[in-house]
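The values are calculated or read from the model by the stated rules, or taken from the named source; none is laboratory data. Fair warning: this is a prediction, and the values are worked out from it, not measured in the lab. Because the Cβ atoms are built from the backbone with ideal geometry, glycine has one as well, and the counts that use them run over all protein chains shown.
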Amino acid sequence: MRISFTLNGEPQNRQVNPFDKATSILAEQCGQESVKTSCAIGRCGACTILVDGKSANACLLIAAKMDGTDVVTAEGLGARADAIIDRLRQNGAIQCGYCAPGLLISLVALLERAPDGDKLERQELETVLAGNLCRCSGYTALRKAILALSS
Ligand code: FES
Ligand code: FES
């Protein structure tokens with residue numbers, strides 16, 4: 001089947017198998033290096049993308065469901081991620097290329113969902129850590145950086 005969708009603001013038209021995963025379409029056909037496959041079962045967050053403004057696990061999204069959607073990957077976040085990257089840097093939260101893109105996407109989705117001027121509660125911010133796992137560096141600096149987004 002052919003599907004059409006928008007990727008980081010650019011129209012796409014791709015020939016796919018309806019059950020292809022969005023991870024392989026985005027990474028292999030569309031060159032989005034930020035979209036990683038790790039667990040492939042929706043647990044780790046390494047493949048997180050925005051679909052119609054909401055965060056989604058690309059490893060659970062099939063091609064047939066991508067048709068007509070607006071997809072944003074970490075490559076397309078631009079200035080939307082600036083404040084988050086600043087907090088990560090200021091708090092020494094050095095994340096790798098495997099977890100960082102999904103983490104940025106999840107935080108952008110969460111922060112942009114908050115009504116204008118409202119600050120998120122600690123608990124809400126920490127939900128991101130449940131869906132975006134880090135296997136190597138620990139969570140102390142990361143938690144500090146994320147909580148700094150509420151102030
Ligand atoms: S690869 Fe998709 S959630 Fe882990
Ligand atoms: S820093 Fe990326 S998985 Fe730990």
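Of note:
- Test: residue in segment 16-33 that is within 13 Å of the chain's Cα centre (by Cα) and within 16 Å of ligand 2 (Cβ to nearest atom): yes
- For segment 129-147, a tally of residues being within 10 Å of ligand 2 (Cβ to nearest atom) and within 15 Å of the chain's Cα centre (by Cα) returns 3.
- In segment 36-72, residue farthest from ligand 2 (Cβ to nearest atom) [restricted to those that are under 12 Å from the mean Cα position of the chain (by Cα) and more than 14 Å from LYS21 (Cβ to Cβ)]: GLY53
- So SER55, is it of a type in the set (Gly, Ala, Ser), in contact with a helix residue (DSSP H, G or I) (Cβ under 9 Å, 6 or more places away or on another chain) and not assigned by TED's automatic domain parsing to the domain that holds SER34: no
- The criterion of at least 2 residues that are within 15 Å of ligand 1 (Cβ to nearest atom) is met, among strands (runs of 3 or more DSSP E) falling completely within segment 38-151, by 48-51, 54-57.
- Residue identified as touching a residue at least 12 places away in the same chain (Cβ under 8 Å), surrounded by 13 or more Cβ atoms within 10 Å (Cβ to Cβ) and more than 30 Å from MET1 (Cα to Cα) among LEU61, LEU77, LEU129: LEU129
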